[in-house]
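Presented below is the structure to which this report refers.
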Amino acid sequence: MFNQFRGVFARDLAIDLGTANTLIYAQRQGIILNEPSVVAYRIKRGQNHRVIAVGADAKRMLGRTPTNITAIRPLKDGVIAEFDVTREMLQHFIGKVHERSFLRPSPRVIVSVPCRSTAVERKAILQSARDSGARDVRLIEEPMAAALGAGLPVHEAVGTLVVDIGGGTTEVAVLSLSGVVHADTVRVGGDRFDESVVNFVRRTHGTMIGEAIAETIKRDIGVAYEQKDPRELKVRGHNLQLGVPRMFTLNSNDVLEALRDPLTMIVQSVKNALEATPPELSADIAETGMVLTGGGALLKDLDVLLAEETGVPVIVAEDPLTCVARGGGKALDAFDAYQDILWSE
Amino acid sequence: MKDEDPIAPPHETPDADAAPPIEAGGDFSPAVALRAPQDASASAPPQSAAGGCGAKLRAARERMGMLPADIAATLHLEEPVVRAIEQGREDKLPAAVYVRGYIRAYAGLVGLDADELVADFAPVADDPVPAPNPLLGAVDRKNLADLPHRRAGLLFSGIVLVIVIALAATLWAIANSFDWAFSADPVAEPEPAWRNELRPPAPAPNPAPAAQEEETLESSPPAAADSAPDAAAEPAEEQDPVLADLEFSFRENSWVEVRDGDGQSLHGAVGEAGQTLDISGTGPFTISIGYAAGVELRHKGEVVALGPHTQDGVARLELH
């Protein structure tokens with residue numbers, strides 16, 4: 001009862017707990033937090049780890065820490081790799097959006113999880129959210145949240161294909177009647193794109209670049225489909241042969257070459273999903289098309305690539321980065337109406 | 001202007017030349033195709049009122065010398081869908097979210113600004129997305145503070161009011177149902193036949209009960225006597241209500257224990273220096289004083305000499 005009382009002061013939250021970024025949507029307010037899922041903590045022998053920074057602050061420390069401080073991403077491939085650290089991070093974020101509250105907040109929380117996450121992983125997330133003070137925790141499957149956020153008619157008896165390309169994973173799911181008909185998770189996402197660019201540059205230019213620079217390259221000139229008029233970007237890296245920084249130029253088609261492997265995996269996964277879809281739903285999808293969400297959907301011409309490869313129209317959701325969080329938010333706003341798609345123990 | 005488009009069909013002749021649609025146009029009759037470019041330029045304004053973005057898309061397509069079939073093939077849509085978009089026929093289109101996607105792709109193909117066109121297309125009716133959210137996408141720290149806190153503030157003051165009222169409605173009502181309120185309940189406690197009173201400085205573990213007791217005692221000692229089983233046995237007390245049966249004045253700390261005629265303990269505690277302890281009850285009293293030298297005892301107003309009863313500093317006596 002006291003929890004409900006505290007709940008009056010708390011904002012109900014939908015959390016997109018992603019490998020790369022954690023987004024929090026608050027009821028009637030929209031996205032109020034968008035920070036990297038990174039935690040930095042100090043290691044002391046014989047003592048518990050002490051968290052010293054979370055989110056954007058911690059991300060700046062990635063790769064720049066002395067030996068007694070570790071900055072890590074507690075989620076790997078869309079699932080919790082470090083349970084305690086994830087809990088601390090959730091607590092920090094929930095506390096942060098309730099900074100000025102008089103009482104310790106006790107919100108209702110919806111957390112999105114990958115479709116293929118195991119019951120153990122789901123329980124771990126439930127427990128993490130509860131430990132961070134939530135009063136009622138529900139889980140929503142990521143593709144479902146993404147579809148809701150994109151505004152797709154998930155409650156209708158119409159097949160919908162959602163491709164959510166996140167930081168760590170790509171979720172491909174066929175939805176109909178508020179349920180998941182087929183789902184597949186590929187461990188390819190924005191992070192893998194960056195790695196591929198780093199490897200490509202090392203291989204072809206004999207130069208090392210950091211992941212942050214790789215991300216810039218991907219964002220600025222990355223494409224998923226051959227360009228007739230490729231754009232160029234000047235990049236500075238550490239030349240392996242000479243051991244000194246060198247400047248070189250990359251163009252869009254180079255990046256396409258770098259991204260070929262991860263892109264093929266995504267295309268293959270979409271093809272598999274189409275193959276595994278019952279014919280009725282398949283017809284719906286062929287008619288209306290598939291929807292891309294998640295940060296990966298911002299990769300230029302990814303829709304063209306998928307359309308070419310599958311022969312199905314492809315549309316990119318509006319504001320794809322926040323689709324999952326907004327979808328969770330929609331489920332919050334109509335908590336009772338969406339009971340059937342929310343998961344709890 | 002026209003020839004810079006890479007996706008246009010193979011015939012990249014200026015549109016003054018009406019040849020390309022005729023050559024490419026399996027679907028169009030030559031006459032229609034011939035007329036199309038002029039139509040578009042002539043009737044664009046009136047159409048935009050009816051079709052909005054559809055008309056703009058069509059005009060752009062025709063300027064580039066493309067057919068709906070070309071658009072449909074590139075976007076992997078069916079041709080009727082492309083026509084429905086151009087004509088603004090929402091009844092032939094799927095859910096709005098898809099149509100917005102098609103329009104974006106179409107606009108990209110013909111080199112128009114997608115955002116503007118999507119804004120034109122606004123069939124909100126079948127759109128499951130609720131009213132546009134101003135914060136979508138934007139991470140706005142400032143908004144954390146504003147609106148909900150005002151709401152929470154109102155709620156908070158309301159709830160504080162309720163709490164104050166609940167407290168004022170006295171602890172006894174709530175105390176019965178919540179064990180955390182007070183462990184001792186002054187109402188539920190059986191009224192004893194005797195009264196103890198510790199005057200200043202009063203050690204009060206439970207302020208409320210102590211205050212109550214003090215009041216009853218000082219204002220109406222007869223009441224206490226009345227409630228005693230054999231109040232009539234002590235008429236002397238009736239005459240001088242001010243005097244208690246026993247009065248201990250502590251000059252120094254000392255243990256004092258008093259039992260009444262029935263052997264029941266009326267008091268057993270350390271009295272601190274400077275305090276005065278009044279005890280009323282039914283005699284005969286059995287009294288033990290741990291440090292007789294530090295205590296002065298009065299019985300019904302008269303000083304009792306403790307000396308004769310004292311052994312090793314401890315006084316043990318019986319008073320009637």
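Just so it is clear, none of the values below were taken in a lab; they were calculated from the coordinates. Values in this document were obtained by computation on a predicted structure and should not be read as measured data. Virtual Cβ from ideal backbone geometry, glycine too; neighbours counted across all protein chains shown.
Is any residue of segment B:76-95 close enough, with backbone N under 20 Å, to a label point placed 7 angstrom from the Cα of A:GLU280 along the Cα-Cβ axis, and if so, which? Label zone hits: B:94-95.
Counts of other chain beta carbons within 10 angstrom of each beta carbon in peptide A:24-32 average 5. Once C-alpha pairs closer than 8 Å and six or more residues apart are averaged by separation and normalised to the residue number of segment A:199-245, the relative contact order reads 42 percent.
Legend: mean number of C-beta atoms from other chains within 10 angstrom of residue C-beta atoms, peptide A:311-318, equals 5.
Arranged from fewest to most other beta-carbon atoms within 10 Å of their beta carbon, A:GLU121, B:GLU272 become B:GLU272, A:GLU121.
What number, in percent, do you get for the relative contact order of chain A if the mean sequence gap of Cα pairs under 8 Å and at least 6 apart is divided by its residue count? 19 percent.
Over all orientations, chain A has a Cα convex hull whose mean projected area works out to 19.3 square nanometres. Of the residues B:CYS53, A:CYS115, A:CYS323, the one with the fewest other Cβ atoms within 10 Å heads the list, and the complete ranking is A:CYS115, B:CYS53, A:CYS323.
In terms of overall dimensions, segment A:16-98 has a Cα radius of gyration and Dmax of 13.0, 45 angstrom. Helical content alone sets the calculated 222 nm signal of chain A at -12000 deg cm²/dmol, taking -39,500 (n - 2.57) per DSSP H segment of four or more residues and averaging over every residue. In terms of the mean number of neighbouring beta-carbon atoms within 10 Å, the peptides B:63-72, A:154-163, B:303-312 order highest first as A:154-163, B:63-72, B:303-312. Each of A:ALA146, A:THR216, A:GLY166 was placed along the dipole of segment A:130-234 (beta-carbon charges, centred on the mean Cα), and the one lying farthest toward the positive end is A:THR216.
Computed from label points 7 Å out along Cα-Cβ, the spacing between A:GLN241 and B:LEU161 is 8.1 nm. When only the Cβ of Lys, Arg, Asp and Glu is charged (+1, +1, -1, -1), the dipole of segment A:154-201 relative to its Cα centre reaches about 80 debye. Out of A:LEU23, A:ILE43, A:ALA71, whose Cα points farthest toward the positive end of the dipole of segment A:12-74 (charges: +1 Lys, Arg; -1 Asp, Glu; placed on Cβ)? Value: A:ILE43.
Selection among A:HIS205, A:THR185, A:GLY327 by position relative to the dipole of chain A gives A:HIS205 as farthest towards the positive end (Cβ unit charges, Cα centre).
Given +1 at the Cβ of Lys and Arg, -1 at the Cβ of Asp and Glu and no other charges, the dipole of segment A:211-345 around its Cα centre is 840 debye to the nearest 20. Note on A:152-158: average number of Cβ atoms from other chains within 10 Å of each residue's Cβ is 3. Exposure proxy shown here: for B:TYR102, B:TYR291, the number of other Cβ atoms within 10 Å sets the order, fewest to most, as B:TYR291, B:TYR102.
Over segment A:212-273, what is the relative contact order in whole percent, taking alpha-carbon pairs under 8 Å and six or more residues apart?
RCO, segment A:212-273: 33 percent.
Within the same chain, lysines fewer than 8 places from A:LYS96 are excluded, and of the rest, those with a Cα less than 29 Å from its Cα are A:LYS44, A:LYS59, A:LYS76, A:LYS123, A:LYS330, B:LYS142. The Cα-based radius of gyration and maximum Cα-Cα distance (Dmax) for segment A:47-178 are 17.0, 56 Å.
Cross-link partners of A:LYS218 among lysines, defined as those whose alpha carbon lies under 17 angstrom from its own and excluding same-chain residues fewer than eight positions apart: A:LYS234, A:LYS300.
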